Amino acid sequence: MKKLLPCILLILLLPGCSWDNEETLYPGPGECDTTDVSFSRDIISILSGNCYVCHSNLNAPSFGNGIRLEDYQDVVALSERITGSINHETGYSPMPKGRSKLDACTILKFEAWVADGSPGN
Ligand code: HEC
């Protein structure tokens, strides 16, 4: 019995552990984590992956109509226009220009960041 108890505990705990890991590593389809969206980690990666070919500080004058989306204060100042543009709302130039619309989760993350007060973390 002394040897059996740790074994039983192990068997009980193991599936719990692997289930937790699977959830965090492979979120199921339809799940979109919009909690604690950070500027440096999430927003920069969205913008650099989809927008900096035209809107980096370097490229903006030639390709992005002078609109810079690299520095925190620029993104905050334009956050309302960005939201309208990536949602292809009327009255806004649809972005990313000449490409397909961003996926729904990416748009939700940007909106969640704005709704959070655009933290500069
Ligand atoms: C291929 C170049 C290109 C890409 C990629 C691009 N833009 Fe633009 N963007 C432009 C140009 C040029 C304009 C000036 C308006 C126009 O020509 O439509 C503009 C305008 C804008 C505006 C102002 C629109 C308005 O109605 O006030 C915003 C905001 C914007 N872009 C955000 C973005 C975001 C966010 C992305 C990435 C998701 C992006 N852009 C990707 C070229 C681009």
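Under 6 Å between Cβ atoms, which residue pairs at least 6 apart in sequence (or on different chains) link something in segment 44-59 that is under 15 Å from residue 94 (Cα atoms) and free of Cβ contacts under 8 Å to residues at least 60 places away in the same chain with a partner that is aliphatic (A, V, I, L, M) and within 10 Å of the ligand (Cβ to nearest atom)?
47/69; 51/69; 55/67; 55/69
For residues in segment 14-45 being among the hydrophobic types (A, V, I, L, M, F, W, C) and at pLDDT 95 or above, which is surrounded by the fewest Cβ atoms within 10 Å (Cβ to Cβ)?
Of segment 14-45, the ones among the hydrophobic types (A, V, I, L, M, F, W, C) are 14, 17, 19, 25, 32, 37, 39, 43-44.
Still in the list and also at pLDDT 95 or above: 32, 37, 39, 43-44.
Values: 32: 13, 37: 22, 39: 16, 43: 25, 44: 16.
By that ranking, first place goes to 32.
The values are calculated or read from the model by the stated rules, or taken from the named source; none is laboratory data. The model shown is predicted, which means the values in this text are computed figures rather than measured ones. Cβ atoms come from the backbone with ideal geometry, glycine included; neighbour counts cover every protein chain shown.
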